[in-house]
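Heads up: the structure comes next, in structure tokens.
The values are calculated or read from the model by the stated rules, or taken from the named source; none is laboratory data. Predicted model, so just to flag it, every value in this text is computed and none were measured. With ideal geometry, Cβ positions are generated from the backbone for all residues, glycine too; neighbour counts draw on all protein chains shown. Note: areas computed on protein heavy atoms with side chains; ligands, DNA, RNA excluded. Shrake-Rupley method; radii C 1.70, N 1.55, O 1.52, S 1.80 Å.
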Amino acid sequence: MQHVINWSCFLLSLTLLAPTTYAQSGYPPPCNDVKQVKLDTDPKRRQILVDFIRDCERNQWKNDKGIVLLREYQNEQGKSCWLLLPSIDDSYKDNPPNRFASFNGDIILIFDAESNGLVLKPAVGDKDRLNQCLEKIIGDRVYTRPTIKSRWTDNVMPFTNRKMERGAGRIYGGNGGSLIIIFNPDGSYEKLLPV
């Protein structure tokens, strides 16, 4: 009888310790083609990410969809820079990165960019393998862009009465509508698009 009690206690202790041990080491990514890195290496970087993601949740991400695209680069003065962009679609697939970070349950894709942060450096690695791996990591966090690239319409052009070739489109530039106004003492002002 004592043997059964000892064996039961041993199994119970394994059951209680196993999840704790596994949780401490974390869950590995579902694939190895894209490398997981840590971005919040100090309190300032962590706060930058917390604030940016909080703003994305309020303003850009909709219907439980959203990831962060981070462009890392050195500016012309040689300083390390981040350009943070919210995303709700799978546009990352055009030039998939080979690095990502997991931050409080959100996914941050890390791209290498040229000195202005706007031009991405080409992906390093097999594009299809990177995209397959990223799909596993991102899951349902983004919308899939439609494969059809045209829009039907029944509208006609004014004055000519010819059928319009394409339905209405909306193009948004900049920072999702954000704008900073700086008022100067002389009454003039400056407009800036925040990054």
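Output the pairs from LYS35/LYS93; LYS35/LYS136; LYS65/LYS121; LYS44/LYS136; LYS65/LYS136 with a Cα-Cα distance over 20 Å in this structure; if there are none, say none. Where the Cα-Cα span goes over 20 Å, the pairs concerned are LYS65/LYS121; LYS44/LYS136. Summing +1 for each Lys or Arg and -1 for each Asp or Glu among the other residues whose beta-carbon sits under 11 angstrom from that of SER80 gives +1. Normalising the average separation of contacting C-alpha pairs (under 8 angstrom, six or more residues apart) by the number of residues puts the relative contact order of region 36-140 at 26 percent. Within the accessible surface of region 41-160, defined with a 1.4 Å probe on protein heavy atoms only, the carbon and sulfur portion equals 50 percent.
In this view, the solvent-accessible surface of ARG54, computed with a 1.4 Å probe and all protein chains in place, comes to about 110 Å².
Counting heavy atoms of the protein chains alone, GLU72 has an accessible area of about 50 Å² for a 1.4 Å probe.
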